[in-house]
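Asker: Below are the structure tokens for one structure; questions will follow.
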Amino acid sequence: MKQQINLTVNGDKYEVLVDPLTKLVDVLRDNLLITGTKKGCGEGECGACTVIMDGMPVSSCLILAVQADGKSIQTIEGLEDSEGKLDPIQESFINNGAIQCGYCSPGMIMVTKALLKISPHPTEAEIRDAISGNLCRCTGYQQIVDAVMAAAGKE
Ligand code: FES
Ligand code: FES
């Protein structure tokens, strides 16, 4: 039996009918067509699906949509401003070669967004710890760490 949930995504309010076992990532991508959030493993192992829910980074493949009822979600689409200007973190990822195939990038950037909110000037160790749940097959991670360092203090 479907249930109605209410979500706020990037400031916009949505009412969605969902099956009880539907995951948040699937509601975002399939119901709301907000597809910047990527789905990789679907099991909480890769971090590709990371979004910020009520201020905390979460793997949206591990969150049932019904658990997100009434919550505020921020996805990669919510980072640019009303004139389409990218967030400084996105600029920094581009400028530091931290985006190659780009599949991990939305998750990496959302984790970085949450990190810099609580720690505006993180150490390299803090950055590596923050992104430790996010897999990247392309960059070797150093460019991502460099991008986060360069973005620090610009938020
Ligand atoms: S798709 Fe969610 S952690 Fe991999
Ligand atoms: S840029 Fe390809 S997986 Fe990270």
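The values are calculated or read from the model by the stated rules, or taken from the named source; none is laboratory data. These numbers come from a predicted model, not from an experiment. Positions of Cβ are generated from backbone atoms using ideal geometry, with glycine treated the same way; all protein chains shown enter the neighbour counts.
Asker: List, please: which pairs have Cβ atoms under 8 Å, are six or more places apart or on different chains, and start with a residue in the stretch 129-155 that is farther than 19 Å from K38 by Cα and end with one that is within 12 Å of ligand 2 (Cβ to nearest atom) and of a type in the set (A, V, I, L, M)?
Answerer: Q143/A98; V145/I131; D146/A98; A147/A98; V148/I131
Asker: Would you mind finding the one in D26, D87 that is at pLDDT 95 or above, acidic (D, E), more than 16 Å from ligand 1 (Cβ to nearest atom) and out of contact with any Gly (no Cβ under 7 Å at 6 or more places or on another chain)?
Answerer: Working: D26 fails: more than 16 Å from ligand 1 (Cβ to nearest atom).
The match here is D87.
Asker: Still on this structure, I have one more. For the stretch 92-108, indicate whether the set of residues that are crowded, with 20+ Cβ neighbours inside 10 Å, assigned by TED's automatic domain parsing to the domain that holds T139, hydrophobic (A, V, I, L, M, F, W, C) and not in a loop (DSSP other than H, G, I, E, B) is non-empty.
Answerer: yes
Asker: Can you name the residue in the stretch 29-39 that is surrounded by 19 or more Cβ atoms within 10 Å (Cβ to Cβ) and part of a loop (DSSP other than H, G, I, E, B) and, of all such residues, is nearest to ligand 1 (Cβ to nearest atom)?
Answerer: Of the stretch 29-39, the ones surrounded by 19 or more Cβ atoms within 10 Å (Cβ to Cβ) are 29, 34, 37-38.
Still in the running and part of a loop (DSSP other than H, G, I, E, B): 34, 37-38.
Details: I34: 15, T37: 9, K38: 7 Å.
The selected residue is K38.
Asker: Identify, please: which residue in the stretch 63-81 is in contact with a helix residue (DSSP H, G or I) (Cβ under 7 Å, 6 or more places away or on another chain) and assigned to a helix (DSSP H, G or I) and is, among those, surrounded by the most Cβ atoms within 10 Å (Cβ to Cβ)?
Answerer: A68
Asker: State whether the residues of the stretch 8-22 include one that is under 18 Å from S105 (Cα atoms) and either within 16 Å of ligand 1 (Cβ to nearest atom) or at pLDDT below 95 (or both).
Answerer: no
Asker: E126 passes all but one of (1) away from ligand 2 (no atom under 16 Å from the Cβ); (2) over 19 Å from G44 (Cα atoms); (3) surrounded by 17 or more Cβ atoms within 10 Å (Cβ to Cβ); which number fails?
Answerer: (3)
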